[in-house]
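Comments concern the structure below.
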Amino acid sequence: MQDSSTTPPNSSSRSQSIFNIQRQVSTLGSSSPGPMSLKTSTTPTPGQLKTKVTNVRRMRRIISEDAEWSLAIVPLLTELCIQHIVKNFQNNPILKQLPLEHQKKVLSSLPPELPLTVTANLIDDENYWHRCCVKRWSVCHVSRHGGSWKRMFFERHLENLLKLFIPGTTDPGVILDLLPLCRNYVRRIRVDQFLPPVRMPTPPPGEEQSDSGSEGEGGEPEKDHYQLQALVAGLKHLEELDLVYGVKDCGMNFEWNLFLFTYRDCHSLAATIKACHTLKTAQSTGLQRHRFALPHPLRLQHLGQGLMLPAGWLAGCKAGIFRLTRSKVDDDKARILIRSLLDHPALEELDLSHNLIGDRGARAAAKLLSHSRLRVLNLANNQLRAPGAQSLAHALAHNTNLVSLNLRLNCIEDEGGQAIAHALETNKCLTVLHLGGNELSEPTATLLSQVLPVNTTLISLNLSCNHIGQDGGKQLLEGMSDNKTILEFDLRLSDVAQESEYLIGQVLHANREAARQRTLNPGHFTSPSSNCTENSVG
């Protein structure tokens, strides 16, 4: 009785609290709901209850703060360092000092928006420049840029700057400041738009001024298009210039001056080309040994199946290339440009197609054939007539370098066509000749039928869209029966009988098969034109 009298007055409340805590703990550990039984459990001591309650509360507190917390995901110190390098790469670019495996991690994490002043001469990783190209352009043909993503990025970036340059408005430093960054990677400039200077608004037209739609054809603008001389001089690996002086998507702002290639533009471009001795020419190792090596890589698709070229030949076929198309180049401007190309040490391909060049310009081109190493000449879709074709034929008869001549979509007629046919009797180098759409007829076909058995170098001849006629087709068939070298002969839309076309096709098939056999057995093959190719290469 004395013990019960010494019990503290709050013992009943403490017992009740202990009971409630025990009930909560049992409920957490139970797998099925229901009333809790107390018969099999013993009453815990206050110390045991204190420990259990503390553990339950601590577990709940940790889970509520971070449900994903775990020691397994704590980053390594190297990973933290790499993240820091990536975050501060623009201000403190650290790359070459790192081990190779860490360099790869840094490059894979760098954003493609970094300034070129930081990345141009520091990063050579193709995967990084691949990401830069894909992010900027939806269509990327890296094969057109030598298979290099870095080269593609800088060439297209420079081309975009040139296309959007407005003389008198755009700061020239935008392009010149890029030179130290891209000079080692740009090998080709292909620009299909040159914007003219912004014209000041003209005063309202007077009563006597006609609105016949010919305004804008008058005098040349006060300023010209962007001058390429300083840019080209700084590109030490430049191999190809492909230019079009015009404006794309002009819409309702159309004026003739937007498509004007001025004389000042012409003189400036001529000086640029004459001073550009950085055009690279790589000799083809297989050209001297294989007669059927093509002069231009794009011709491979027309040879038909089964004809193989030497391994690595196309990869080494690089040349100095200048193209100026769709720019309204007339005779006078063509003569200015060609004068600057005489005795050029590197130029091997000239493309002046889709212009306004006539017979005077053709005579200048004929002179160039005698004073250059030109191998490909394209004068398609100009205004050449018989006198111009005769000038080219005279130069072609004695030429030892030219392998491809394209005169399609002119009007040389039979007089010019016969002159070129006569030149093929003595020429031992030309392999590709395109005379489509030149108003040729039976007299030209008759002379060609006499030349085809004699000429042993021509492998591609195009006479499509002419008026050869059925008799002319029969004579060409007679000439082809004794020819063993032509692999492609286009006579579409030339009024040739279907039977003649079919039989000529059979001769071409036999020639291709024979060429394939000679390619498979080069030891049994000798080239009668090897001296010519050696001169053209060396």
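The values are calculated or read from the model by the stated rules, or taken from the named source; none is laboratory data. Predicted model only: the values in this text are computed from it and were never measured. Note that we place each Cβ from the backbone using ideal geometry, even for glycine, and neighbour counts take in every protein chain shown. Remember, those area values only see protein heavy atoms, side chains included, never the ligands or the DNA or RNA. Shrake-Rupley method; radii C 1.70, N 1.55, O 1.52, S 1.80 Å.
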Selection status of P443, assigned to a loop (DSSP other than H, G, I, E, B) and touching an Asp or Glu at 6+ places or on another chain (Cβ under 7 Å)
no
It is to be established whether one or more residues within region 238-258 are among the hydrophobic types (A, V, I, L, M, F, W, C), more than 20 Å from E348 (Cα to Cα), part of a helix (DSSP H, G or I) and open to solvent by 70 Å² or more (accessible area, probe 1.4 Å).
yes
Here, helices (runs of 4 or more DSSP H) confined to region 107-186 with at least 1 residues that are surrounded by 15 or more Cβ atoms within 10 Å (Cβ to Cβ), free of Cβ contacts under 8 Å to residues at least 40 places away in the same chain and over 14 Å from the mean Cα position of the chain (by Cα) are 116-119, 126-136, 149-163
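To keep it simple, each residue is scored yes or no on (1) at pLDDT 90 or above; (2) over 19 Å from C250 (Cα atoms).
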site: H157; (1), (2): yes, yes
site: L162; (1), (2): yes, no
site: G173; (1), (2): yes, yes
site: R183; (1), (2): yes, yes
site: I189; (1), (2): yes, yes
site: E215; (1), (2): no, no
site: G219; (1), (2): no, yes
Scan region 247-268 for residues that are in contact (Cβ under 8 Å) with a residue 12 or more places away in the chain and either among the hydroxyl-bearing types (S, T, Y) or at positive phi (or both) and jot them down.
T262, Y263, S268
In region 468-511, which residues are open to solvent by 70 Å² or more (accessible area, probe 1.4 Å) and closer than 22 Å to K428 by Cβ?
D482, K484
Evaluate the following for L95: is it surrounded by 13 or more Cβ atoms within 10 Å (Cβ to Cβ) and in a loop (DSSP other than H, G, I, E, B)?
yes
Failed item in (1) at positive phi; (2) in contact (Cβ under 8 Å) with a residue 60 or more places away in the chain, with L493 passing the rest
(2)
Conditions: (1) surrounded by fewer than 21 Cβ atoms within 10 Å (Cβ to Cβ); (2) in contact (Cβ under 8 Å) with a residue 60 or more places away in the chain. Q450 meets all but one. Number of the miss?
(2)
Quick check on my filter: what residues within region 491-511 are among the charged types (D, E, K, R) and either outside any loop (DSSP other than H, G, I, E, B) or under 34 Å from the mean Cα position of the chain (by Cα) (or both)?
R492, E499, E501
